[in-house]
């Protein structure tokens, strides 16, 4: 699933369409696509994993879901969910995604303070939201888009490993210092993710050197913990699917959380 940094990069790439009129619409999205014809792109915004196109009386929301993607001025060999065409043959196409109209002003729909990449991000508000979820597993709390809009599995896994937090611990088990660090890292690592992914998008690193973004992953999609050299296990139980691949490797720092409650580790 595209995480917040990928959507911000999409917004930046799509800036070439600002102010331009939509002349063509296509795709298999079950919506009144004709409403888009003749509309001008007045603004581009993002909220977490949502890409937002302001069109005046309404907006368009694109969610790339698990396997969604986009292309600008080229086409992929797959069905177009929604394609917008502009003068000169320019176009932006979306695939395997959810597209919906937003009828209300975006500022009435979204609380931008909850987006980890927004200028309006409010860390104190995030901490209050977390404290209101005492029995929630930390791995699930990080994926709660009402708390950390834009955080996905990659960011979640790497943050927990970085902070030595067991993903199956509950929010109430976190000492105040760890809770603050969790909120801080949610924003900091997301911007690091953005920088690494942007470096890849700009082609600043030769192909033979590998992918800049995945080269910084310590545990996501890895088989062994680089810290303690034990196997990383991807859980299958529906009771803790949010733990992803670090259920055994991301341990508590017992000096800080000796009394913290942690969930049962996988067998």
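The values are calculated or read from the model by the stated rules, or taken from the named source; none is laboratory data. The structure displayed is predicted, hence computed values, not measured ones. Reconstructed Cβ throughout: ideal geometry from the backbone, glycine too, with neighbour counts over all protein chains shown.
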Quick test of your reading of the structure: residue 134 fulfils all but one of (1) at pLDDT 95 or above; (2) over 12 Å from the mean Cα position of the chain (by Cα); (3) assigned to a helix (DSSP H, G or I). Name the failing condition by number. (3)
Residue 160: farther than 16 Å from residue 4 by Cβ and part of a loop (DSSP other than H, G, I, E, B), yes or no? no
Matching option when the condition is out of contact with any strand residue (DSSP E or B) (no Cβ under 8 Å at 6 or more places or on another chain), over 30 Å from residue 184 (Cβ atoms) and modelled with pLDDT of 95 or more, among 77, 111, 122: 77
Residues (touching a helix residue (DSSP H, G or I) at 6+ places or on another chain (Cβ under 9 Å) and assigned to a loop (DSSP other than H, G, I, E, B)) located in the range 1-33: 1, 2, 3, 20, 22, 23, 27
Lone qualifier among 124, 199, 173 - being more than 26 Å from residue 10 (Cα to Cα) and out of contact with any helix residue (DSSP H, G or I) (no Cβ under 8 Å at 6 or more places or on another chain): 124
Does residue 135 satisfy being surrounded by fewer than 16 Cβ atoms within 10 Å (Cβ to Cβ) and within 24 Å of residue 19 (Cβ to Cβ)? no
Can you name the residue in the range 202-213 that is in contact with a helix residue (DSSP H, G or I) (Cβ under 9 Å, 6 or more places away or on another chain) and either on the phi > 0 side of the Ramachandran plot or surrounded by 14 or more Cβ atoms within 10 Å (Cβ to Cβ) (or both) and, of all such residues, is modelled with the highest pLDDT? 213
Just to be sure before I move on: is residue 54 under 30 Å from residue 129 (Cβ atoms), out of contact with any strand residue (DSSP E or B) (no Cβ under 7 Å at 6 or more places or on another chain) and at pLDDT 95 or above in the structure I sent? no
Looking at the range 1-13, which of the residues that are buried (at least 18 other Cβ atoms within 10 Å of the Cβ) and in contact with a strand residue (DSSP E or B) (Cβ under 9 Å, 6 or more places away or on another chain) is modelled with the lowest pLDDT? 2
Within the range 163-190, residues being part of a helix (DSSP H, G or I) and more than 13 Å from the chain's Cα centre (by Cα) number 15
Tell me yes or no: at least one residue of the range 153-160 is outside the structural domain of residue 59 (by TED's automatic domain parsing), surrounded by 16 or more Cβ atoms within 10 Å (Cβ to Cβ) and closer than 30 Å to residue 39 by Cβ. no
Please work out if residue 165 is in the same structural domain as residue 217 (by TED's automatic domain parsing) and either modelled with pLDDT under 95 or closer than 19 Å to residue 3 by Cβ (or both). yes
Among the residues in the range 242-251, are any in a helix (DSSP H, G or I), modelled with pLDDT of 50 or more and assigned by TED's automatic domain parsing to the domain that holds residue 133? no
Filter pass, residue 16 being modelled with pLDDT of 95 or more and either under 30 Å from residue 184 (Cβ atoms) or surrounded by 19 or more Cβ atoms within 10 Å (Cβ to Cβ) (or both): no
